[in-house]
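In what follows, a single structure is set out as structure tokens and then discussed.
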Amino acid sequence: MRQVQQALIEAGFDVGADGIFGKGMDGEVREFQQLKGLTADGIVGDETRRVLGV
């Protein structure tokens, strides 16, 4: 989870790198997904990981 958080931080999203998937992280993942044309479901699946580069 820390890799995902770090990738989001590097992409300009405000998440903490604590390894915990909380409400704030969910919202940031959904926003990232929406901006990238992915299904904005908050799930960090294969496609979201691929686009994040992790």
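Rule-based calculations on the coordinates, nothing more; no lab input. Keep in mind that this is a model prediction, so the values were computed, not measured. For neighbour counting, all protein chains shown are included, and Cβ atoms are generated from backbone atoms with ideal geometry for every residue, glycine included.
Per residue, how much space in cubic angstrom lies within the convex hull of the C-alpha atoms of the range 2-52?
Here the figure is 64 Å³ per residue.
With n ≥ 4 as the cut-off for DSSP H runs, can you work out [θ] at 222 nm for the chain, using -39500 (n - 2.57) per run divided by the number of residues, rounded to the nearest 500?
Taken over the chain, the calculation gives -15500 deg cm²/dmol.
State, as an integer percentage, the relative contact order of the chain based on alpha-carbon contacts under 8 Å between residues 6 or more apart. Write down the numbers at each step before the final one.
Working: 53 pairs, mean separation 17.9, N = 54.
After rounding, I find 33 percent.
Angle check, please: helix 23-35 long axis (alpha carbons) against the longest principal axis of the chain (alpha carbons), in degrees 0 to 90, nearest 10.
Roughly 30 degrees between the two axes.
Between D41 and A11, what is 0.36 nm times their sequence separation minus the Cα-Cα distance? Round to one decimal in nm. Spell out each step's value before the answer.
Working: separation 30, 0.36 × 30 = 10.80 nm, distance 1.85 nm.
Full extension from D41 to A11 adds 9.0 nm.
With each label point set 7 Å from Cα along the Cα-Cβ vector, what nm distance links Q34 and V51?
The modelled label-to-label distance comes out at 1.2 nm.
Around L8, what is the net charge, scoring Lys/Arg as +1 and Asp/Glu as -1 over all other residues with Cβ under 11 Å from its Cβ?
-3
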